[in-house]
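Chemist: Encoded as structure tokens, here's the structure I'll be asking about.
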Amino acid sequence: MHYGHVVDMSDGQTVDEAMVSVMRAPRTYTREDVVEINCHGGPVAQRAVLRLLVRLGARLAEPGEFTRRAFLNGRIDLTQAESVAAIVAARSSGALRASLRQLEGGLSDRLRAARRGLVNVLAQIEATVDFSDEDVDELDWDAVEKGLEVAETDLRRLLQTAFVGRVLEQGVRTAIVGKPNVGKSSLLNALLMRERAIVSDIPGTTRDTVEELMEIGGIPIHLVDTAGIREGRDHVERLGVERSVRAMEQADLVLAVVDLTAAWDEDDDELLRKLEPARSIVVVSKADLVGEARRSEVAERVTSVVSGPLCAVSSLTGEGLDELRQTI
């Protein structure tokens with residue numbers, strides 16, 4: 001590491017004070033000789049040094065070029081190269097941790113182990129076929145079957161983690177649905193702990209989907225506040241309702257909001273019948289305005305239509321929000 005100044009030799013002007021690190025192959029990120037210039041952090045100084053280097057014959061790296069070189073030179077494999085992009089794009093602490101584990105070779109080690117087992121089975125079979133007329137032990141079919149079962153089990157486990165990996169990387173798309181004026185926008189604001197959506201006691205205030213990103217338990221959650229599902233009063237509201245239904249169908253998770261203070265009607269039953277229990281949470285809202293008797297009555301109505309988790313919350317007082325986050 002060398003201390004000094006970057007000087008423009010065309011006019012003798014000092015561009016910046018810097019530290020220059022010289023790193024020799026193969027002990028570098030790309031397994032090539034690498035020189036790093038550490039100048040001051042301001043964009044003006046950095047641009048001046050960069051312009052000077054380009055003028056002297058350097059070129060700007062292409063996106064991901066250093067990781068590509070590291071892969072081509074055998075320092076990392078493809079799964080580790082993918083993890084570098086995932087680290088850069090990580091939008092939650094969970095995604096970052098998973099990407100770092102992959103960069104350290106966790107996925108590669110499991111794939112290599114499965115491959116070794118399959119190659120061993122293949123070698124036994126080929127040896128039996130190729131040297132059938134020579135003094136070769138008869139193929140142990142039990143060992144072959146066991147080897148294939150072990151490989152299949154390992155690969156199935158990896159496949160089962162694919163959804164979790166996608167969730168950590170891309171997030172869980174979570175639609176907040178329900179009839180107009182049941183407290184969907186209030187719930188969005190309460191979960192985000194800030195005023196993101198307009199809240200009004202006028203039904204049909206939300207005409208389009210409102211999307212925000214938050215993190216729960218290290219997992220990115222894409223919250224989508226939707227227009228109230230009812231027969232649209234005008235063309236714009238009908239378009240909003242259509243988007244709500246589409247958001248509900250495309251969501252990984254659905255928060256179906258039911259108003260504890262409103263009379264139960266057929267629209268509530270119809271909404272709950274549309275839910276898939278495996279990816280739905282029923283949220284009964286405005287819990288601060290009713291007693292235990294009403295909560296029990298509505299909970300009984302809900303469970304008679306759909307199974308799955310149910311949370312009673314108050315967006316005003318915060319009651320039940322921690323339980324809802326844990327359920328999510």
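Chemist: Tell me, please, whether a residue that is assigned to a loop (DSSP other than H, G, I, E, B) and at pLDDT 80 or above can be found in region 184-191.
Modeler: no
Chemist: Which condition breaks for E149 when tested against (1) outside any helix (DSSP H, G or I); (2) open to solvent by 70 Å² or more (accessible area, probe 1.4 Å); (3) modelled with pLDDT of 85 or more; (4) of a type outside the set (S, T, N, Q)?
Modeler: Result: E149 fails condition (1) only.
Chemist: Does any residue of region 166-177 turn out to be of a type in the set (S, T, N, Q), at pLDDT below 80, surrounded by fewer than 16 Cβ atoms within 10 Å (Cβ to Cβ) and under 22 Å from the mean Cα position of the chain (by Cα)? Talk me through it step by step, then tell me what you get.
Modeler: Step one: list which residues in region 166-177 are of a type in the set (S, T, N, Q), which gives 170, 174.
When the remaining residues are screened for being at pLDDT below 80, the result is 170.
Adding the requirement that they be surrounded by fewer than 16 Cβ atoms within 10 Å (Cβ to Cβ) leaves 170.
Pick out the ones that are also under 22 Å from the mean Cα position of the chain (by Cα) and you get 170.
Among the residues of region 166-177, at least one is of a type in the set (S, T, N, Q), at pLDDT below 80, surrounded by fewer than 16 Cβ atoms within 10 Å (Cβ to Cβ) and under 22 Å from the mean Cα position of the chain (by Cα), which makes the answer yes.
Chemist: If you don't mind, another one. What are the residues in region 128-186 that are free of Cβ contacts under 8 Å to residues at least 60 places away in the same chain and polar (S, T, N, Q), if any?
Modeler: Selection gives T128, S132, T153, Q160, T161, Q170, S185.
Chemist: Would it be correct to say that V177 is in contact with a helix residue (DSSP H, G or I) (Cβ under 6 Å, 6 or more places away or on another chain) and under 30 Å from E270 (Cα atoms)?
Modeler: Against the criterion (in contact with a helix residue (DSSP H, G or I) (Cβ under 6 Å, 6 or more places away or on another chain) and under 30 Å from E270 (Cα atoms)), V177 qualifies.
Chemist: How many residues are open to solvent by 90 Å² or more (accessible area, probe 1.4 Å) and farther than 19 Å from V150 by Cβ if we restrict to region 104-118? Walk me through how you get there before you give the answer.
Modeler: Here is the first cut: in region 104-118, the ones open to solvent by 90 Å² or more (accessible area, probe 1.4 Å) are 104, 110, 112, 115-116.
In the following step, the residues that additionally are farther than 19 Å from V150 by Cβ were identified as 104.
Selection size over region 104-118: 1.
A quick yes/no check of all residues on (1) open to solvent by 60 Å² or more (accessible area, probe 1.4 Å); (2) over 30 Å from V172 (Cβ atoms); (3) in contact with a Ser or Thr (Cβ under 6 Å, 6 or more places away or on another chain):
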site	(1), (2), (3)
G94	no, no, no
A98	no, no, no
Q102	no, no, yes
N120	yes, yes, no
F131	yes, yes, no
D142	yes, yes, no
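Chemist: A further question follows. Would you mind telling me which numbered condition in (1) in contact with a strand residue (DSSP E or B) (Cβ under 8 Å, 6 or more places away or on another chain); (2) in contact (Cβ under 8 Å) with a residue 40 or more places away in the chain; (3) open to solvent by 60 Å² or more (accessible area, probe 1.4 Å) R75 fails?
Modeler: (1)
Chemist: Given the conditions (1) open to solvent by less than 80 Å² (accessible area, probe 1.4 Å); (2) without any contact (Cβ under 8 Å) to a residue 40 or more places away in the chain, and given that L52 satisfies all but one, which numbered condition is not satisfied?
Modeler: (2)
Chemist: Here is a further query. Which of the residues spanning region 1-10 are farther than 20 Å from V34 by Cα and open to solvent by 100 Å² or more (accessible area, probe 1.4 Å)? Walk me through it before giving the result.
Modeler: Looking only at region 1-10, we keep the residues that are farther than 20 Å from V34 by Cα, and these are 7-10.
The answer is M9, and nothing else.
Chemist: Further question: Of all helices (runs of 4 or more DSSP H) completely enclosed by region 61-137, which ones contain at least 1 residues that are closer than 29 Å to P220 by Cβ and within 19 Å of the chain's Cα centre (by Cα)?
Modeler: On the way: elements: 65-72, 78-89, 93-103, 106-130.
It comes to 78-89, 93-103, 106-130.
Chemist: It is to be established whether one or more residues within region 11-23 are modelled with pLDDT of 95 or more, open to solvent by 80 Å² or more (accessible area, probe 1.4 Å) and either assigned to a loop (DSSP other than H, G, I, E, B) or among the aromatic types (F, W, Y) (or both).
Modeler: No, because not a single residue in region 11-23 is modelled with pLDDT of 95 or more, open to solvent by 80 Å² or more (accessible area, probe 1.4 Å) and either assigned to a loop (DSSP other than H, G, I, E, B) or among the aromatic types (F, W, Y) (or both).
The values are calculated or read from the model by the stated rules, or taken from the named source; none is laboratory data. All values reported here derive from a predicted model rather than from experimental measurement. No Cβ is skipped: glycine too gets one built from the backbone with ideal geometry, and neighbour counts run over all protein chains shown. SASA here: full protein model, heavy atoms, side chains in, ligands and nucleic acids out. Shrake-Rupley method; radii C 1.70, N 1.55, O 1.52, S 1.80 Å.
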